[in-house]
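The values are calculated or read from the model by the stated rules, or taken from the named source; none is laboratory data. What you see is a predicted model; the values in this text were computed from it and never measured. Counting neighbours? That spans all protein chains shown, and the Cβs are built from the backbone with ideal geometry, glycine included. Only protein heavy atoms, including side chains, enter the accessible area calculation; ligands, DNA and RNA are left aside. Shrake-Rupley method; radii C 1.70, N 1.55, O 1.52, S 1.80 Å.
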Amino acid sequence: MTYLPKPKFKHPAIETNDLGFSHRDYEGAISTLCAGCGHDSISAAIIRACYELSLPPHRIAKLSGIGCSSKTPTYFLGASHGFNSVHGRMPSVLTGANLANRDLIYLGVSGDGDSASIGFGQFAHSVRRGVNMLYIVENNGVYGLTKGQFSATSDKGSKSKRGVVNSDAPIDMVAMALELGATFVARSFSGDKTQLVPLIKAAMEHKGAAFIDCISPCVAFNNHEGSTKSFDYVRSHNAALNALDFITGRAPITTDYEPGSAQMVKLHDGSSIRLRKIGEEHDVHDRDAAMALLHKHKSKGEIATGLLYIDPDPSDLHDHLGTAAKPLNQMNEPELVPGSSMLEKLNAALR
Ligand SMILES: Cc1ncc(C[n+]2csc(CCOP(=O)(O)OP(=O)(O)O)c2C)c(N)n1
Ligand code: SF4
Ligand SMILES: [Mg+2]
């Protein structure tokens, strides 16, 4: 496996964030994906979000499965931890890493094949358990890496590049995430950076299972007429529900906001999301309403994008299991093996 490193030269006057890092410090190797692939725009949005949040790159762990989408972590956050796992197995590897070291920020990157076919069970269990992560599906409706077979998110009736019509019903990953109890659920489009960057920022700051389904056209195999995941189709059927600004808890809230036209959503760490409603009224704290809205737009042939649901009081797997606050990988031997008297006490409590 080869990769192309970028030159290390940095202009002395380059713009930096609160940590003194430049945008370049959040980039990775040069992408080897097809020119124009939607996945590269998502990588750019992740880089922008992490730079603007001033996240220390060494505190982020990026994990993926197999596919063009799963290759992308090589192209962003080159100084972060990375693990390219087996096809469809990213969620269990991420869950294990999170249980061993709860102090890192977990970013799972996957594809529609990786998550809606072979990894469907893994996706479901990581979400229902509330693993503290941002799980992004770079959804192009095809298996891009293996040359464009329909995936489980391809719409019924959509046409392959060779004109074959898909006869199977699609899996809607957003509906699944809502149903499974994800505490942050959004859909976006790789071609809409203005919407995607604040969504990624908010999702990364969210404590619990955050899920973003990002439609990401495959220019090689699924960008033709008759496809419902092409740039043209998504642009003309995109029903954006809200426009977002992410306001970090560290900075004073200076943006203007008129009550009635915008909704401030507070996050657990003191940050906020300002939602300007550009579609119809939607209460982002109402899971059932989010599901109904999704179906309503779908029945009109539209793709609802934006923030669909956020739990104002989220919890994660560590809360559910009552694990120790100190990460397991930082404990010493006596802490990990407290001895037979402690075991006896524990057994006695269970009798
Ligand atoms: C166990 C296993 N089965 C099948 C494959 C072949 N394979 C590699 S990537 C892929 C699908 C990738 O599709 P997706 O996750 O949508 O990623 P994309 O390339 O579209 O971004 C498949 C079936 C594999 N690598 N491993
Ligand atoms: S085959 Fe499709 S998904 Fe893969 S890099 Fe090319 S455009 Fe992107
Ligand atoms: Mg795909």
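Values as computed for the structure displayed
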{"read-out": "Cα shape, the chain, gyration tensor, a/c 1.5 rule", "value": "rounded"}
{"read-out": "Magnitude of the charge dipole, the chain, Cβ model with Lys/Arg +1 and Asp/Glu -1, debye to 20", "value": "820 debye"}
{"read-out": "The chain, accessible surface, carbon-and-sulfur percent (1.4 angstrom probe)", "value": "56 percent"}
{"read-out": "Solvent-accessible heavy-atom area per residue, rounded to whole Å², over region 204-332 at 1.4 Å", "value": "48 Å²"}
{"read-out": "Pairs beyond 32 Å (Cα-Cα), from Lys71/Lys277; Lys71/Lys156; Lys71/Lys296; Lys201/Lys296; Lys229/Lys326", "value": "Lys71/Lys277; Lys71/Lys296; Lys229/Lys326"}
{"read-out": "Where a label projected 7 Å from the Cα of Thr194 along Cα→Cβ would reach, residues of region 267-295 with amide N under 15 Å", "value": "275-279"}
{"read-out": "Accessible area per residue in Å² at 1.4 Å probe, computed on region 20-138", "value": "31 Å²"}
{"read-out": "Separation of the Val165 and Leu4 label points, Cα + 7 Å toward Cβ, nm", "value": "4.1 nm"}
{"read-out": "R0 of 22 Å, Cβ-Cβ distance Ser236-Lys298: FRET efficiency to nearest 0.05", "value": "0.90"}
{"read-out": "Contact order normalised by residue count of region 57-146, Cα under 8 Å, 6+ apart, percent", "value": "34 percent"}
{"read-out": "The chain: antiparallel DSSP beta bridges as a percent of all, rounded to 5", "value": "40 percent"}
{"read-out": "Centre separation in Å (Cα based) which lies between region 3-41 and region 57-116", "value": "19 Å"}
{"read-out": "5 angstrom amide H check on Gln149, placed H, neighbours 5+ away", "value": "Tyr143"}
{"read-out": "Residue among Ser154, Ser92, Ser110 with the largest mean-square fluctuation in a Gaussian network model of the chain, springs linking Cα atoms under 10 Å", "value": "Ser92"}
{"read-out": "Within the chain, helix-based [θ] at 222 nm, where runs of 4 or more DSSP H residues each add -39,500 (n - 2.57), nearest 500", "value": "-8500 deg cm²/dmol"}
{"read-out": "GNM result for the chain, Cα springs below 10 Å: residue of Lys229, Lys326, Lys277 fluctuating most strongly", "value": "Lys326"}
{"read-out": "Beta bridges per DSSP with both ends in region 1-149, % antiparallel, nearest 5", "value": "20 percent"}
{"read-out": "Between region 272-324 and region 225-249, the alpha-carbon center distance in angstrom", "value": "15 Å"}
{"read-out": "Accessible area, probe 1.4 Å, largest first, for residues Met291, Met173", "value": "Met291, Met173"}
{"read-out": "Cβ-Cβ FRET estimate between Ala79 and Asp269, R0 fixed at 25 Å, reported to 0.05", "value": "0.65"}
